[in-house]
1. What does the extension gain come out to for Glu31 and Met52, with contour length at 0.36 nm per residue minus their alpha carbon separation?
2. Could you give the accessible area per residue of segment 39-82, probe 1.4 Å, as a whole number in Å²?
3. With the full set of protein chains in place, find how many percent of the accessible area of the chain is carbon and sulfur; take the probe as 1.4 Å.
4. Leaving out ligands, DNA and RNA but keeping every protein chain, what accessible area does Ser29 have, in Å² rounded to the nearest 10, with a 1.4 Å probe?
5. Select from segment 4-82 those trypsin sites (Lys or Arg not before Pro) which occupy a DSSP coil region and have at most 16 other Cβ atoms within 10 Å, ordered by residue number.
6. With axes computed from alpha carbons, what is the tilt in degrees of helix 48-65 against the longest principal axis of the chain, rounded to the nearest 10 within 0 to 90?
7. Does anyone have the angle between helix 17-28 and the longest principal axis of the chain? Alpha-carbon axes, 0 to 90°, nearest 10?
Amino acid sequence: MRVAADISLYPIADDFLPPIRDVIERLESHESVEVVKNPMSTQVHGKLDDVMRVLQEEIGATFQNTQKAVFVIKILNNPVSS
């Protein structure tokens, strides 16, 4: 099953752009998923297992490297654009 996850990261910090750029770069390094960026969020497209594995890995890394952060995630099954 293919899915699209729409994610937004909100670092609780004065300098909030570096953690956002970092997580996007790390998401893009995974060949098993497609990453689509826009000004409001980032979409991760691919097989359900691949998307969930990548999100788990990169959310964990973000939480390790950022003192406080909030992720907002919406997941759609059978996306039209994938």
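1. Details: separation 21, 0.36 × 21 = 7.56 nm, distance 1.38 nm.
Between Glu31 and Met52, full extension yields 6.2 nm more.
2. Details: 3040 Å² over 44 residues.
Dividing the accessible area of segment 39-82 by its residue count gives 69 Å².
3. Numbers: 2930 of 5460 Å².
Of all accessible area on the chain, carbon and sulfur atoms account for 54 percent.
4. Accessible area, nearest 10 Å²: 80 Å².
5. Values: sites: Arg21, Arg26, Lys37, Lys47, Arg53, Lys68, Lys74; in loops: Lys68.
Filter output for segment 4-82: Lys68.
6. 0 degrees
7. Tilt of helix 17-28: around 30 degrees.
The values are calculated or read from the model by the stated rules, or taken from the named source; none is laboratory data. This one's a predicted model, so the numbers in the text were calculated from it and none came from an experiment. Ideal geometry is used to build each Cβ from the backbone, glycine not excepted, and the neighbour counts take in all protein chains shown. Note: accessible area is taken over every heavy atom of the protein model, side chains too, but ligands, DNA and RNA are not part of it. Shrake-Rupley method; radii C 1.70, N 1.55, O 1.52, S 1.80 Å.
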